[in-house]
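The values are calculated or read from the model by the stated rules, or taken from the named source; none is laboratory data. What you see is a predicted model, and the numbers here were worked out from it, not measured in a lab. Virtual Cβ from ideal backbone geometry, glycine too; neighbours counted across all protein chains shown.
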Amino acid sequence: MSVAEAMQWVEYIQKRGSLNVGLRVEAAVAVLSTQVNRALGGKSELQDFMPHWDQPEAQLDDLAKLFGAVKRG
């Protein structure tokens, strides 16, 4: 994988979110749950329904190291 391709993946993840299908399903259900909660008079926040969404943002160096695109001295 080239550095340019790694950078494209980082940009995609930053724009679209996690590539983890489970986290994406959790996020979709959280949106629906928040809407239902608020429609019924609740005051919950989106993160109240997303217990596993505490992931750090991907960085180019991390992704490049993962795929071996950047060799450090």
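Selection over the stretch 21-31 of residues that are without any contact (Cβ under 8 Å) to a residue 12 or more places away in the chain and surrounded by 11 or more Cβ atoms within 10 Å (Cβ to Cβ) gives a count of 1.
Here is the figure for the stretch 1-18: residues that are in contact (Cβ under 8 Å) with a residue 40 or more places away in the chain and part of a loop (DSSP other than H, G, I, E, B) total 2. Restricting attention to the stretch 51-73, the residues being within 30 Å of Met7 (Cβ to Cβ) and either modelled with pLDDT of 65 or more or among the small types (Gly, Ala, Ser) (or both) number 14. Mind checking whether some residue in the stretch 43-50 is surrounded by fewer than 10 Cβ atoms within 10 Å (Cβ to Cβ) and either modelled with pLDDT of 75 or more or basic (Lys, Arg) (or both)? There is at least one residue in the stretch 43-50 that is surrounded by fewer than 10 Cβ atoms within 10 Å (Cβ to Cβ) and either modelled with pLDDT of 75 or more or basic (Lys, Arg) (or both).
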